[in-house]
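Reviewing the structure listed below.
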Amino acid sequence: MDFQPNFQNDQVDHEPELIFTRIGPLRINMKIYGKRNQEIPLYYVDISGSFSDYTDLALYPGADKEKPVLGNCRFNKFQKSQIEIQPHGRSKFKMSSSKEKGYYWSMPWTSISGGQGKEEQMRQFLWKDIEPASSRSGRLELGLYDTQSSDIHAVYTGALPGTRKGGVLKLNDDDYGEEWRTMVILTLSVLIEQARQKRNREGNSYTIGMLAY
């Protein structure tokens, strides 16, 4: 049985490897570049929520906020068990933490079975730590797992804390369409921001961390 998202947009130049880069004086917002062309941003991530318990994140195509938003996220800074996700044109849903120390999310999918036509269903994915906490180097390392199999669809390797380099996302599948790719980037971006805030709270930059969302 084959699967495909309910929506695809092949007009986007698909990049199998994406680089996440913090921008601005506080290095909060992010621009996302394709590895093959690191001069023109493919996505822009706007992060807000100063002096609030909640952080809001919005994903846009291109270099800024001029184009229509692709999706939004919201989470409580101090209660991270659930993250509110709203892709453009779809209802809100919760990306929930799991006992495997990861986050589940799902999206509409179409199953194609030989001779039986198409059937719509929800397909579930899991962002999960690749390495155990005891062996980590201090950077975020996540794998995107398919809950119906042991397949890893994407791997994110974050930059070492304190460096000015950006993390790298490698997509193992380049045929699932733009909606799937958007969901991967949107859900990953909010986990990257959560990790940054956690480092600030645990380090010596608590005040700056709160002001910087």
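The values are calculated or read from the model by the stated rules, or taken from the named source; none is laboratory data. Treat the numbers as computed from the prediction; the structure is a model and nothing was measured. FYI the Cβ positions are ideal-geometry reconstructions off the backbone, even for glycines, and counts take in every protein chain you see.
Which count do you get for residues in region 28-77 that are in contact with a helix residue (DSSP H, G or I) (Cβ under 9 Å, 6 or more places away or on another chain) and either charged (D, E, K, R) or assigned to a loop (DSSP other than H, G, I, E, B) (or both)?
6
Looking at region 178-195, can you tell me whether even one residue there is of a type in the set (A, V, I, L, M, F, W, C) and modelled with pLDDT under 90?
yes
In region 39-58, how many residues are farther than 14 Å from THR21 by Cα and in contact with a Leu (Cβ under 9 Å, 6 or more places away or on another chain)?
So the answer is 6.
Of all residues being loosely packed, with under 13 Cβ neighbours inside 10 Å and over 20 Å from MET183 (Cα atoms) in region 141-164, which is modelled with the highest pLDDT? Just the residue, please.
Among those residues, the one meeting the criterion is LEU160.
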